[in-house]
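For reference, the structure discussed in these notes is given below.
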Amino acid sequence: MRRGSSSSSHTPPALKEKQRRDRMKDLYSTLATLLHLEPYESKSLPEFLDLATTSLTYLKERVERLKAMKEELEVEVDQNDEALNIKPRLKVIQMTESNDAKLEVNLIFMVDSKKSVIFKVLSAIEQGGAEIMSSSFSNVGNHIYCNIHAKAFQVRLGFDTKLIESRLMELIC
């Protein structure tokens with residue numbers, strides 16, 4: 001039996017090592033691209049990895065600061081709405097559910113302050129088990145026209161249209 005015939009299916013270690021190095025180079029290049037860094041070839045590998053780590057740490061801290069700022073603003077908007085006693089008035093609500101676990105919501109309502117109402121409308125739909133695919137809002141005077149397309153988070157479970165409708169009615173009426 002010849003050794004050459006059985007080794008044709010076996011990859012030589014040098015080729016495996018080259019493939020591994022090429023894969024690592026691709027991964028480093030991808031990392032540099034995602035973090036908007038200089039190409040990793042311009043620095044030594046430890047310097048590049050330190051820079052990438054620093055960049056990721058900075059981005060993580062920035063995300064945390066932005067989340068905290070968002071929460072503060074949401075609380076401030078809610079307090080302002082309560083202090084001003086702002087109550088939107090519903091004109092039209094139409095919900096259309098399709099067989100493929102999709103939902104279309106059309107709303108027309110009047111409101112004095114438009115700051116947080118849109119966020120609350122989207123939140124009410126998501127709490128009912130639907131994921132927002134697209135939404136459009138138009139302001140004409142004191143009227144807000146909403147057209148929202150959503151789909152179920154999980155197609156098998158669907159979403160609760162009665163819950164969504166009742167939450168929208170609570171919010172708007």
Filter region 123-140 down to the residues that are buried (at least 18 other Cβ atoms within 10 Å of the Cβ) and of a type in the set (A, V, I, L, M), then identify the one that is nearest to the chain's Cα centre (by Cα). Ala130
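Residue by residue through region 127-169, note down the ones that are acidic (Asp, Glu) and either outside the structural domain of Glu104 (by TED's automatic domain parsing) or modelled with pLDDT of 85 or more (or both).
Result: Glu131, single match.
The values are calculated or read from the model by the stated rules, or taken from the named source; none is laboratory data. Computed from a predicted model, the values in this text were never measured in an experiment. Cβ coordinates were reconstructed from backbone atoms using ideal geometry, including for glycine residues, and neighbour counts include every protein chain displayed.
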